[in-house]
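Remarks on the structure that follows.
The values are calculated or read from the model by the stated rules, or taken from the named source; none is laboratory data. In this text, all values refer to a predicted model and were calculated from it rather than measured experimentally. We place every Cβ from the backbone using ideal geometry, glycine too, and count neighbours over all the protein chains shown. Surface areas here come from the heavy atoms of the whole protein model, side chains and all, with no ligands, DNA or RNA. Shrake-Rupley method; radii C 1.70, N 1.55, O 1.52, S 1.80 Å.
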Amino acid sequence: TVSSHLKSEKFHEFLNRLLLQHIRKQNIEKDYYFNFEDERLATFTSEHFQMLHEVFMEMFGNQKTYYFDEIQNIEKWELFVRRLYNAGNKIYVTGSNASLFSEELGTRLTGRYISVSIYPFSFVEFVSYHEPNFVKKEIMSTTQKGLMLNLFSQYCKRGGFPEYVKHGQTKYLQSLYESLIYKDIIVRYKITNIKPLKELVYYLASNCSKEMTYSSIKKWLGVGSATTISDYCGYLENSFLCFFIPRYNTSVKAQMLSPKKVYFIDHEFARTIGFRFSEDRGRMLENMVFIELKRRGFEIFYHKENKECDFLLRKNGVVEGAIQVCLHLNDEKTKKREHDGLLEALEQHSLPQGFILTERDDETQQVLHKTVSYQIVIKSIWKWLLN
């Protein structure tokens, strides 16, 4: 299953189709392809799937690989797909996350599918779009490094939505937001009171990378129940608009009750739909690092005991890394805060090495903390993103 997130409807269809056609080229069997977005299929129902299968057989003979574009437009499509799967076939399906991650998918295709999530451009993809040969260079000249820094500056301003990267029209991001709110959330979850939902998104986007609780948001919005806020946040996360990470704790219950930190699918997207008194570049960089960690498949938490560390990274139930993100380490107060939070996280999770990612610093330090030596790698975010 391929689910693409937060694109305009036109681009969403294009990217899904592009990926599906790429997959078809890699396979020997290519013929059983069908696009359900065609307006001539307005009367197509689940009863017509068998007819489609017979047409495939008549035209191309017996094959075992199927490709279906935008199949979520047909009700009960998952029953047909399950029948094909149980008969020993392989099926590639594209569609929006709002439909493909519905309860029907989870109950009727459990254990039968693998999901691939498509995010906005990473920095590597952004660079590849503008300068295809740059990513391959391990050693750069002064001129090339300057050009790379310029690309990183552009990435900070434009984010990763390809259409916005290409044209830079703020109206595009605004229309994208409206489409997502109404199509993927309001319609899907049958929300009748729209104002609190939109105010919630505005609040979250304006407080990106900060801690929040459902109770504090409830007071700010004047909504009657924290449960309503929890539900709304769940809807936003299901739509891939934003994500909520808990404070790390060995107790699952304590994690669930802890304040959450919120991050958005794209830093420029959050800046467009939220409110900023200033550019707040440090929080924007933190959001950028978070999304890259999501791409790399980590389970993400934040650490907070006496000190705070931005990200704890876990895979297969084991904490594997700790990362701090800040704009720079120019003053001693900032440097001490970032070091202390990172060292506390490294000590608590028995990690020998941690990272501090900044806008331009590069240095490796060996630091003695409570008789134990730890390695702290300070690295420019743009270099880390390219790694």
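General observations
- Accessible surface calculations at 1.4 Å, restricted to protein heavy atoms, place segment 186-286 at 47 Å² per residue.
- The share of accessible area on segment 258-387 that comes from carbon and sulfur is 46 percent, using a 1.4 angstrom probe.
- When the Cα gyration tensor is reduced to axis lengths a ≥ b ≥ c, the ratio a/c is 1.5 or higher for segment 309-387, and with a/b not above b/c it is classed as oblate.
- Among the trypsin sites (Lys or Arg not before Pro) within segment 166-226, those in coil by DSSP and having at most 10 neighbouring Cβ atoms inside 10 Å are LYS190.
- A straight line joining the Cα centroids of segment 313-387 and segment 14-43 runs 45 Å.
- Here the gap between SER175 and VAL252, fully extended at 0.36 nm per residue and compared with their Cα-Cα distance, gives a gain of 23.9 nm.
- Rg/Rh ratio calculated on Cα atoms of the chain (Kirkwood radius): 1.00
- Those GluC sites (Glu not before Pro) in segment 256-303 that DSSP places in a loop and that have at most 12 other beta carbons within 10 Å: GLU279
- Computed [θ] at 222 nm, deg cm²/dmol, the chain (DSSP H ≥ 4; -39,500 (n - 2.57); rounded to nearest 500): -13500 deg cm²/dmol
- Computed accessible area, MET256, all protein chains, 1.4 angstrom probe, square angstrom: 130
- Gyration tensor (alpha-carbon) shape descriptor, segment 112-185, a/c threshold 1.5: oblate
- 3J(HN,Hα) along segment 356-370, derived from phi through the Karplus expression 6.51 cos²θ - 1.76 cosθ + 1.60 where θ = phi - 60°, amounts to 10, 9, 10, 5, 9, 7, 9, 6, 10, 10, 10, 10, 8, 9, 6 Hz, with x in place of Gly and Pro.
- Summarising the label geometry, the points placed 7 Å from Cα in the beta-carbon direction at GLN366 and ILE194 lie 6.2 nm from one another.
- Stretchable slack from GLN348 to LYS219, in nm (0.36 nm times residue separation minus alpha-carbon distance): 43.0 nm
- For the cross-link pairs LYS260/LYS333; LYS333/LYS383; LYS183/LYS253; LYS190/LYS260; LYS183/LYS383, the ones whose C-alpha atoms lie over 31 Å apart are LYS183/LYS253; LYS183/LYS383.
- When each of LYS145/LYS304; LYS171/LYS336; LYS210/LYS370; LYS25/LYS136; LYS157/LYS304 is checked by Cα-Cα distance, pairs over 32 Å: LYS145/LYS304; LYS171/LYS336
- Helix 332-348 and the longest principal axis of the C-alpha atoms of the chain enclose an angle of approximately 60°.
- Length-normalised contact order for the chain - Cα pairs under 8 Å, 6+ apart - percent: 12
- Applying 0.36 nm per residue to the separation of PHE134 and LYS30 and subtracting their alpha-carbon distance, the gain on full extension is 34.0 nm.
- Loop-located chymotrypsin sites (Phe, Trp or Tyr not before Pro) in segment 181-263 (DSSP state not H, G, I, E or B) with no more than 16 neighbouring Cβ atoms inside 10 Å: TYR189.
- Distance histogram for segment 156-302 (every C-alpha pair counted, 5 angstrom bins, percent rounded to whole numbers): 2, 9, 19, 22, 22, 16, 9, 3, 1, 0
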